[in-house]
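Colleague: Starting off with a structure, shown below.
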Amino acid sequence: MGDFRIINTRTNGILAYERIHGKQKIHILLNFSSFTKKFVQIDYSKWDILLSTHLNTKKAVNTVISSLRPFEGVVLKS
């Protein structure tokens, strides 16, 4: 159920997509590379982190996300 949309980060090695169901939006950001990858900035200042592969990531995002560490994955909810 819901919709699926690829988010274009303009970066090789990054898979980013959005799931929408009703008013709820979930963004999944995955770095499949062994290098830190920078990509187009995405404003997540009003989003919450549901899941992160790095334990030192804050629960609430207060800024834009413009990079992912090697093999990092983040799931965010609007």
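The values are calculated or read from the model by the stated rules, or taken from the named source; none is laboratory data. All values derive from a computational prediction rather than experimental measurement. Here the Cβ is made from the backbone with ideal geometry for all residues, glycine too, and neighbour counts use every protein chain on show.
Colleague: Every residue in the range 3-18 that is surrounded by fewer than 16 Cβ atoms within 10 Å (Cβ to Cβ) and assigned to a strand (DSSP E or B), please.
Modeller: Asp3, Phe4, Arg5, Ile6, Leu15, Tyr17
Colleague: Looking at the range 25-35, can you tell me whether even one residue there is surrounded by 16 or more Cβ atoms within 10 Å (Cβ to Cβ), modelled with pLDDT of 85 or more and part of a loop (DSSP other than H, G, I, E, B)?
Modeller: The answer is yes, given that some residue of the range 25-35 is surrounded by 16 or more Cβ atoms within 10 Å (Cβ to Cβ), modelled with pLDDT of 85 or more and part of a loop (DSSP other than H, G, I, E, B).
Colleague: Determine the pairs where a residue that is farther than 20 Å from Ser67 by Cα, located within the range 1-29, has a partner that is among the acidic types (Asp, Glu) and surrounded by fewer than 16 Cβ atoms within 10 Å (Cβ to Cβ) with Cβ atoms under 6 Å apart, the partner being 6 or more residues away or on another chain.
Modeller: Ile20/Asp3
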